[in-house]
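Notes to accompany the following structure.
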Amino acid sequence: MLGYLLKRLIQMALVLWVVSLVVFLMMSFTGDPVFMIVPIDATDAEIAQARRILGLDQSLPVQYWIFITSLLQGDFGQSYVFRQPAMTLILERMPATIEMVVVAMVLAVVVAIPLGVYAGANPNGRLSRMIMAGSLLGISLPGFWVGMVLIYLFAVHWGIFPSSGRGDTAEVFGLRVSLATWDGWHHIALPAITLSLGTMAILLRMTRAGMMEVARQDYMKFARAKGATRHDVLYKHGLKNALIPVVTIFGLQLGDLIAFATITETIFSWPGMGKLLIDSIYRADRPVIVVYLMLVALIFVVINFLVDIVYTLIDPRITLK
Amino acid sequence: MMATATDNTLLDVRDLRTYFHTFSGTVKAVNGVSFQIGKGEVMGLVGESGGGKSVVGFSILGLIDSPGQIMGGEILLNGEDLAQAGEERLRQIRGREISMVFQDPMTSLNPLHTVGQQMDEVLRLHTDLDADARHRACVEMLESVGISRAAERLSAYPHQFSGGMRQRVVIAIAMLARPRLIIADEPTTALDVTIQSQILKLMRRQIAEKGASMILITHDLAVVSEMADHITVLYCGKVVERGRTRDLIEAPAHPYTRGLIDSIPDPANPHARLKQIPGTVPDIRNLPKGCNFRDRCPRAQARCAEEEPELHPQNAAQWAACHYPLQPGDSA
Amino acid sequence: MTGFFQSEFFHNYSRSASAIIGSALMLTFAVAVIAGPFLVAQNPYDIAALNLMDSYKPPVWLDGGDPQFPLGTDGQGRDVWASILYGARISVFIGLVAMIASCTIGTLLGLIAGFYGGIVDSVIMRIADIQLSFPSILIALFLMSAVGTGVDKVLIALTAVGWVVYARTVRGSTLSEIKKEYVQAAKVAGLPNTAIIRKHVLPNVLTPLIVIATIQVGTFVLIEASLSFLGVGVPITQPSLGLLIKNGFDVLFSGLWWTSVFPGVAIMMLVFGINLFGDFLRDELNPRLK
């Protein structure tokens, strides 16, 4: 067990190191950030001084070394735009993004799994075909466009939901959480629905595929030969087996949600770290971009790790190696 | 044409037809098969792979899924026609009156449930026993199929057992509710040769102890000659010969049966060339006119290409479907 | 040719609503993309052809609509219908070209990894695995933010993201083929690797590649649309359907919905058509389900 944990930790560190390398290299070759922080009429001397402060006068490997060491100390530098530590900016906005991602994921799972089970158990029924056509539509839609249509219908035209922004927040365990207020839910409804659609469609399709795959297995026929009812066979024997591949992609889907949150937050002006990323890309606010990418990379490797652990809990055939 | 059913008959299958409707044609997997099984008897159902043997077994239990369908015939279990029975009635019968042992123990058991859970399920479905009684019954049954430390093993998962042990578990599950008939579909084919005879002995003992009957489906005549009281030989979905084991093995009437017997290697003659039935099984979607076996039969003549042979009695207890059946003492 | 119409493939195709609808949608788009500019009077990117007096006309079935502009106009008087036809060209072009590039590079890398094994294989697969643990949109977003906008840059970003699935599939196929005895025998007899690829690996891997490639075009269209919407995709001079939607977003809140909704419908129809047909292909070409 300990050996496995160690191995995984080393792997995760390796991945994060490669990401840091890629991020650093790409950022270094794109534009000169010194002009972000000096005024337009700066003299050459002032520019040179700014370069020194930013450490841009050093060679690339040295810059990278500085980068990595300060990163490991949690120092990501200051935002060029806000003149605050980039890490603080991102962390302030993280709860908003997490909220939206969690609500979207719960919504997706609650809708997709039951529908997927039904569609897989009765693959030729009319309702099933409609469900599958709907799910196919779900993965064919541009998410941001759906968000816009929802805004137009529900906010602009009918005025049921707000079109942008996060609702009132209340403090929960020291974090500002909007789910603790009605107004918060009112505001999160449209963004969360928009975000959830893609994942909902994919989870539905995977569940259905899993059920159909499982239906062909010998142990299902054997269970029927024992006299089990069709219902039992489907739900007690089939479902758990069918959900294993769904668990596999659950982690990836969570990652996708965080990624697509950037778009959803932009459309709905949701003050999360995704919107901050997009804004920072526009404003070439390098430190913030770096923080976002490293943080998100960390979240992804941790999610993947947790999914593997969950995997071993569900399937007794899998052991940690 | 068929032996008359007696009071001792448990299962009477009459002219069973199960067809599969596929894009490239209708596969007549079971095309007019009839046989009877008495109480406590073992019948061997023999034929080449793909010849429809398993389909007979699944048809009896009503486990034929589309594109397959039972097209006709009767399956009489103590007078009740299973081919007409509803799903609920069939469900009551499965595992209880008639149970099945599948070929591949690797895939028969659900990998996510413990062995105990899967055994318990049979009892829960078909008996009124309470949890403790069920547990005791499971432990007893596991022990009786030769699994030591049975109580512990109940909480193990299938992948923690070897192939032979898994098949023992499957047999245990099949016998738990005291069925009157067990359909064993190639129960030893997927196992190591050394394990095979153990499993066969186990099965023989179990059915003898419980007074159950068995249909032993196999392509292996050697297995069937040890275990079965009588044998039904299938070729391309039809019965070509039927009779008592001893009679059939010593003096087969149908050339196909003869071919099967001849192809068993003779341990007394280790250097002899293996004999084979020439040719291959015809495409079952496009069966030749006349006798299905004629292209491979050393005795075929003009009549065989024109007229399909019916089952004729050869003597008191042996029937064959052949225009030119072998007589006792004939070589092929 | 008649053989094809009697084949099982065609038989199943003619019975599958999704296959027929899917391929019909794809065909419609193909026609629109090729013949599009010849079907509309106005070239929406010719400034001289525009008239500001025509701006923000609603679709023809609403009050104020103009039959000359069936789906309405945008803020510069551009015909939405014409914009969609021109935009579709760019979207489809990017999707197709990126797919071809990804397929080529990915297949090549997969073959190299499979044949040479060892450290080459490890490195390629490691990179693939690391990439796969991140959402493609994020990688593409990051790349675009670093290299700037432009159709060529979008193509590079999409290829950088899209090669992985081909590499893995082809590598898997290569590995399983070279293990086979008849291939080993052929190698011993002096058969060069290129022949092995041609005769053994490619035929086996062709059908999954076709399915993957078909669906990937749709995926790329969506990713490009998202990137353009965020402003890091195609330039304003070559607006894809995604960029059209972005331009329409600004006026959405004033109730002027048609400039952003219709391009979205177009994307939806294209990708939906691809997915419908791709689904059918996947089921048809899957030997396991037979």
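Derivation of every value follows stated rules applied to the coordinates shown; laboratory data play no part. Note that the coordinates shown come from a computational prediction; the quantities given were computed from them, not determined experimentally. Reconstructed Cβ throughout: ideal geometry from the backbone, glycine too, with neighbour counts over all protein chains shown.
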Fill in: Nitroxide proxy distance, nm - points 7 Å out along Cα→Cβ at B:Gln117 and C:Phe253
5.4 nm
Worksheet entry | Given charges at Cβ of Lys, Arg, Asp, Glu: the protein assembly as shown dipole, positive-most of B:Ala253, B:Leu123, C:Phe69 | B:Ala253
Discussion item. Can you compute the modelled spin-label distance between A:Met1 and B:His271, with each label point 7 Å from Cα toward Cβ, in nm?
Written reply: 6.4 nm
Practice prompt. Pull up all non-local amide H partners of A:Phe161: gap of 5 or more, or a different chain, and H-to-H distance under 5 Å with H placed in the peptide plane.
Written response: A:Ala155
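Please work out how much length the chain gains when fully extended from A:Ala209 to A:Thr229, using 0.36 nm per residue of separation minus the C-alpha to C-alpha distance, in nm with one decimal. Please report the intermediate quantities before stating the final value.
Details: separation 20, 0.36 × 20 = 7.20 nm, distance 2.17 nm.
Length gained between A:Ala209 and A:Thr229: 5.0 nm.
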Practice prompt. Find how many whole Å separate the alpha carbon centroid of the stretch B:124-197 from the alpha carbon centroid of the stretch A:166-180.
Written response: 57 Å
Item to complete: Hey, for a label at A:Phe82 modelled as a point 7 Å past Cα toward Cβ, could you say which residues of the stretch A:165-186 have their backbone N under 18 Å away?
Response: A:165-167, A:169, A:175-178
Item to complete: Could you run the Karplus curve 6.51 cos²θ - 1.76 cosθ + 1.60 with θ = phi - 60° over the stretch B:97-107 and give me ³J(HN,Hα) per residue in whole Hz, x for Gly and Pro?
Response: 8, 10, 10, 10, 10, 8, 6, 9, x, 5, 10
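What percent do you get for the relative contact order of chain B when only Cα pairs under 8 Å and 6+ apart count? Walk me through the numbers before you get to the answer.
Working: 612 pairs, mean separation 65.5, N = 332.
Computed over chain B, the figure is 20 percent.
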Worksheet item: Given R₀ = 45 Å, FRET efficiency for A:Ile53-A:Ile249 by Cβ-Cβ distance, to 0.05?
Response: 0.45
Worksheet item: Short version: ³J(HN,Hα) in whole Hz for each residue of the stretch C:56-70, in order, from phi by Karplus 6.51 cos²θ - 1.76 cosθ + 1.60 (θ = phi - 60°), x for Gly and Pro, what are they?
Response: 6, 7, x, x, 4, 8, 9, 4, x, x, 10, x, 5, 10, x
Item to complete: Distance from a point 7 Å along Cα→Cβ of B:Ser49 to each backbone N in the stretch B:214-228: keep the residues under 13 Å and list them by number.
Response: B:219-220
Discussion item. Test of understanding: in a Gaussian network model of chain A with alpha carbons linked when under 10 Å, which of A:Val214, A:Val290, A:Val38 would top the mean-square fluctuation ranking?
Written reply: A:Val38
Worksheet item: Label points 7 Å out from Cα along the Cβ direction at C:Ile100 and A:Ile66: separation in nm?
Response: 4.6 nm
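For the stretch C:47-139, just say rounded, prolate or oblate: build the C-alpha gyration tensor, square-root its eigenvalues into a ≥ b ≥ c, call rounded for a/c under 1.5, and beyond that prolate if a/b exceeds b/c, oblate if not. Each step should come with its number before you reach the end.
On the way: a/c = 5.04, a/b = 3.76, b/c = 1.34.
Prolate is the answer for the stretch C:47-139, as a/c is 1.5 or above and a/b outweighs b/c.
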Worksheet item: Based on the alpha-carbon gyration tensor of the stretch A:41-103 and its eigenvalue square roots a ≥ b ≥ c, which shape applies: rounded if a/c is under 1.5, prolate if not and a/b is larger than b/c, or oblate?
Response: oblate
Worksheet item: Around C:Gly77, which amide H atoms from residues at least 5 apart in sequence, or from another chain, sit under 5 Å from its own amide H, with H modelled in the peptide plane?
Response: C:Ser55, C:Tyr56
Worksheet item: Counting DSSP beta bridges in the protein assembly as shown, what percent are antiparallel, to the nearest 5?
Response: 65 percent
Practice prompt. Would you kindly derive the ³J(HN,Hα) couplings of the stretch A:264-281 from the backbone phi angles with the Karplus curve 6.51 cos²θ - 1.76 cosθ + 1.60 (θ = phi - 60°), listing them in order in whole Hz, with x for Gly and Pro?
Written response: 4, 5, 5, 5, 8, 6, 7, x, x, 6, x, 5, 4, 4, 4, 4, 5, 5
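To the nearest 20 debye, what is the magnitude of the charge dipole of the stretch B:109-178 about its Cα centre, counting +1 on the Cβ of each Lys and Arg and -1 on the Cβ of each Asp and Glu?
Working: 8 positive and 8 negative charges, 53 e Å.
So the dipole magnitude of the stretch B:109-178 works out to roughly 260 debye.
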Worksheet item: Roughly speaking, what is the stretch gain from A:Asp168 to A:Lys240, that is 0.36 nm per residue apart minus the C-alpha to C-alpha distance, in nm to one decimal?
Response: 21.9 nm
Fill in: Between the stretch C:121-187 and the stretch A:241-276, the alpha-carbon center distance in angstrom
22 Å
Discussion item. With unit charges on the beta carbons (Lys and Arg positive, Asp and Glu negative) and the dipole taken about the Cα centre of chain C, which residue among C:Val92, C:Ala185, C:Gln6 sits farthest to the positive side?
Written reply: C:Ala185
Worksheet item: Cross-link list A:Lys240/B:Lys201; B:Lys238/B:Lys275; B:Lys53/B:Lys201: which exceed 26 angstrom alpha carbon to alpha carbon?
Response: A:Lys240/B:Lys201
Worksheet item: Going 7 Å from the Cα of C:Ile236 in the Cα-to-Cβ direction, what parts of the stretch A:260-288 have a backbone nitrogen less than 17 Å from that spot?
Response: A:282-283
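Figure the gain on full extension for A:Ile160 and A:Ile40 (residue separation times 0.36 nm, minus the Cα-Cα span) and round it to one decimal in nm.
Working: separation 120, 0.36 × 120 = 43.20 nm, distance 4.68 nm.
Roughly 38.5 nm would be gained on extension.
Quick check on the protein assembly as shown: take the gyration tensor over C-alpha atoms, sort the square-rooted eigenvalues as a ≥ b ≥ c, and tell me if it's rounded (a/c under 1.5), prolate or oblate. Mind showing how you got there, number by number?
Working: a/c = 2.30, a/b = 2.03, b/c = 1.13.
Judged from the Cα gyration tensor, the protein assembly as shown comes out prolate (a/c at least 1.5, a/b above b/c).
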